[in-house]
Amino acid sequence: PVFILTGVPGSGKTSTARALLARYPRGLHIPVDDLRELVVSGIAHPIPVWTEETTLQFGLAYETAADMARRYSEAGFAVVIEQVIFPADVHARFDDPLAGLPVCKVCLAPAVDVAVERNSSRTNKDFDPAVLDGPIRSMSGPLADQISADSGWIVVDNGRLTVEETVEEILRRYQPDSRQLGAKR
């Protein structure tokens, strides 16, 4: 399968992606932010201000992630595309390129305070993670609202779950049926 994994910063996407892929004989983790960070000069970060250049660079990263996911999935790999991504962007950037593949959309949704606390204890960022506290708080509600209004998402409140319990819940609820297949809209 190709999993599209979203959630606010600090929701546990990276840890969950890696643990989920460990359940498969072959797995590829595609963190969209890592693709963006390959830009050596002229990178446009989303914070503090989102610009047209930021939109362009995210779009290129999404297209690259979709292409990588298709290639690896067709070669027999389970794939996780990981990013804070809203449903409209999933539809616009992934539906057509991943059409016909078993796509499973997952949103990790711990309580906002849990995500903020997890974010504050991260050591894997080369910037002060506190800069994400505001975006975590401002994105949480709109992301939850849009996910609940969009069919086919598995939403996991992983605030009190271990990473392994989160993976178990995703796999328990994952059904490779037509509702979760990448299909043209």
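The values are calculated or read from the model by the stated rules, or taken from the named source; none is laboratory data. This one's a predicted model, so the numbers in the text were calculated from it and none came from an experiment. Cβ sites come from the backbone with ideal geometry, for glycine too, and all protein chains shown count toward neighbours. Accessible surface areas use protein heavy atoms only, side chains included; no ligands, DNA or RNA. Shrake-Rupley method; radii C 1.70, N 1.55, O 1.52, S 1.80 Å.
For this structure, a couple of remarks:
- Within segment 102-117, being surrounded by 20 or more Cβ atoms within 10 Å (Cβ to Cβ) and either without any contact (Cβ under 8 Å) to a residue 40 or more places away in the chain or not β-branched (Val, Ile, Thr) (or both) holds for Cys104, Lys105, Cys107, Leu108, Ala109, Pro110, Ala115.
- Qualifying residue in segment 41-59 (condition: open to solvent by less than 20 Å² (accessible area, probe 1.4 Å) and touching a residue at least 40 places away in the same chain (Cβ under 8 Å)): no
- The set of residues in segment 155-169 being surrounded by fewer than 20 Cβ atoms within 10 Å (Cβ to Cβ), within 17 Å of the chain's Cα centre (by Cα) and either among the polar types (S, T, N, Q) or part of a strand (DSSP E or B) (or both) consists of Val155 alone.
- Filter result (buried (at least 23 other Cβ atoms within 10 Å of the Cβ) and either in contact with a Pro (Cβ under 9 Å, 6 or more places away or on another chain) or in a loop (DSSP other than H, G, I, E, B) (or both)) within segment 91-101: Leu98
One line per residue, one yes/no per condition, for (1) at pLDDT 75 or above; (2) under 15 Å from Ala17 (Cβ atoms):
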residue	(1), (2)
Ser120	no, no
Lys125	no, no
Pro129	no, no
Gln146	yes, no
Trp153	yes, no
Val156	yes, yes
Gly159	yes, no
Ile170	yes, yes
Lys184	no, no
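- Among the residues of segment 71-90, not a single one is farther than 16 Å from Val103 by Cβ, charged (D, E, K, R), at pLDDT 95 or above and in a helix (DSSP H, G or I).
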